[in-house]
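These notes concern the structure reproduced below.
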Amino acid sequence: MWIEFAIFYGLYAVGSLLFGHFGERTPPARKLAKLAVFSALNALVYRVFGRPWSLLWLALPVAAVAYIHAIWLPKHGVNGLTGEPRERYYALRGWSARS
């Protein structure tokens with residue numbers, strides 16, 4: 001199971017470093033809760049179904065993020081790579097335009 005956790009935490013660390021500025025207004029408690037829930041689900045999937053399904057479970061969020069950034073955001077008028085225009089991106093996230 002250590003392989004799955006190493007992959008998961010590696011993806012999480014790289015994602016946080018490279019794309020953390022897109023979640024600048026997300027409360028830290030929500031970020032920690034997300035990390036805990038996905039870690040627990042990863043462990044549960046590994047214990048119940050085994051390694052192949054656990055690795056598939058890790059691929060599903062990557063596929064979801066690719067869909068959101070390549071299809072859903074552009075459909076709503078937001079660049080999937082830059083998050084611009086910021087006002088529209090903030091509106092999709094439910095944040096006010098002003099900080």
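The values are calculated or read from the model by the stated rules, or taken from the named source; none is laboratory data. Model, not experiment: these values are computed from the prediction. Backbone-built Cβ (ideal geometry, glycine too); neighbour counts: all protein chains shown. Protein only, heavy atoms only, side chains kept; ligands, DNA and RNA dropped before computing areas. Shrake-Rupley method; radii C 1.70, N 1.55, O 1.52, S 1.80 Å.
Of the accessible area of the chain, with the probe set at 1.4 angstrom, what percent is carbon plus sulfur? C and S fraction of accessible area: 70 percent.
The modelled label-to-label distance for the pair residue 21/residue 71, using points 7 Å beyond Cα in the direction of Cβ, is 2.9 nm. Working note: Debye formula, equal point scatterers on the alpha-carbon atoms of the chain, no solvent; log10 I(q)/I(0) at q = 0.11 Å⁻¹ is -0.41.
Placing a label point 7 Å from the Cα of residue 13 along the Cα-to-Cβ direction, the residues of region 39-56 whose backbone N falls under 17 Å of that point are 39.
When the helices of the chain are scored as -39500 (n - 2.57) per DSSP H run of n ≥ 4 and the total is divided over every residue, the value at 222 nm lands at -22000 deg cm²/dmol. Protein heavy-atom accessible surface, 1.4 Å probe, per residue over region 19-99: 71 Å². Given their separation in residues at 0.36 nm each and the Cα-Cα distance between them, residue 31 and residue 95 gain 21.4 nm when the chain is fully extended.
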